[in-house]
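The values are calculated or read from the model by the stated rules, or taken from the named source; none is laboratory data. It should be emphasised that the depicted structure is a prediction, and the values quoted were computed from it without experimental measurement. Cβ atoms come from the backbone with ideal geometry, glycine included; neighbour counts cover every protein chain shown.
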Amino acid sequence: MEKRITEMHINQAKLSIIQGDITKQATDAIVNAANPSLMGGGGVDGAIHHAGGSAILEECEQIIAWQGRLPTGKAVITTGGNLKARFVIHTVGPIWRGSNVISAWGGSSAKFVIHAPDPIWHEGNKREPELLASAYRESLKLAVENNLTSISFPSISTGAYGYPVDEAAKVAIITVASFIKVVGTSIKEVVFVLFDSATFESYSSVLGKIAGKSKQA
Ligand code: APR
């Protein structure tokens with residue numbers, strides 16, 4: 001049976017996973033899975049704006065007025081407002097478009113619809129893995145530029161944006177682990193705060209596999 005792993009150490013930094021609500025985290029920054037408008041939304045975005053108060057939205061409005069909508073894979077930083085975290089780093093993950101399943105057939109004269117997954121479904125066929133990795137990397141870069149030592153991430157893109165959790169967990173953990181491998185960044189702690197148990201299990205399984213591989217190496 002696979003051993004459950006909830007943390008690993010890479011150079012001077014600790015990477016861990018917990019199940020919980022990211023708005024309660026006391027790391028220097030928490031990351032928001034936002035959309036390009038930066039005007040809030042549902043899911044973790046709604047929870048962060050609700051808990052952090054209007055100061056966050058005001059800074060988001062200034063950023064949008066200054067630079068326009070935030071492209072997918074990029075990140076910006078604002079105050080944490082009323083949150084325990086001093087900063088919120090807002091990033092935009094990709095919307096999952098990898099699946100080719102045809103679900104609507106109203107109006108068609110066909111008797112049957114074949115629901116066939118695209119053969120490259122697991123890769124994502126619209127640069128999703130690359131854009132998801134970029135969302136994590138750009139957030140970490142901003143943390144380093146601001147000399148922050150700790151940061152919490154939610155599972156970006158796996159809610160409203162529909163990215164399959166097992167695939168997203170691999171991208172998330174590998175990207176963060178590669179980033180903190182670089183000696184000399186200010187980051188000492190990265191926490192993945194996962195809201196539901198299925199997401200937590202998925203990240204735990206990926207962490208276990210990576211920890212196993214690094215022991216063998
Ligand atoms: N703490 C941690 N994780 C949370 C919280 C919370 N308080 N609330 C929700 N989540 C989890 C979800 O359960 C999911 O696992 O965050 C993950 C990401 O889900 P979404 O918030 O839906 O983010 P995403 O899939 O990236 O979609 C972004 O959702 O509301 C909008 O404005 C947002 O349009 C953007 C889209």
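Observations
- Positions within segment 40-49 being part of a loop (DSSP other than H, G, I, E, B) and touching a residue at least 24 places away in the same chain (Cβ under 8 Å), in sequence order: 41, 42
- Filter pass, residue 178 being among the small types (Gly, Ala, Ser), touching a strand residue (DSSP E or B) at 6+ places or on another chain (Cβ under 7 Å) and either part of a helix (DSSP H, G or I) or more than 16 Å from residue 129 (Cβ to Cβ) (or both): no
- Any hit, segment 69-81, residues being within 15 Å of the ligand (Cβ to nearest atom), at pLDDT 95 or above and polar (S, T, N, Q): yes
- In segment 7-39, residue nearest to the chain's Cα centre (by Cα) [restricted to those that are away from the ligand (no atom under 16 Å from the Cβ) and assigned to a loop (DSSP other than H, G, I, E, B)]: 28
- Candidates 138, 145, 201, filtered to the one that is modelled with pLDDT of 95 or more and farther than 25 Å from residue 72 by Cβ: 201
- Contact annotation: residue pairs with Cβ atoms under 7 Å, 6 or more positions apart or on different chains, pairing a residue in segment 10-31 that is within 19 Å of residue 146 (Cα to Cα) and of a type in the set (S, T, N, Q) with a partner that is more than 9 Å from the ligand (Cβ to nearest atom) and outside any strand (DSSP E or B), are 12/188; 25/84; 25/85; 27/85.
- Residue satisfying all of: in segment 185-197; away from the ligand (no atom under 14 Å from the Cβ) and either closer than 14 Å to residue 16 by Cβ or of a type in the set (Lys, Arg) (or both); nearest to the chain's Cα centre (by Cα) among these: 190
- Scanning segment 155-184 for residues that are surrounded by fewer than 17 Cβ atoms within 10 Å (Cβ to Cβ), within 15 Å of the ligand (Cβ to nearest atom) and closer than 17 Å to residue 202 by Cα yields 162, 166.
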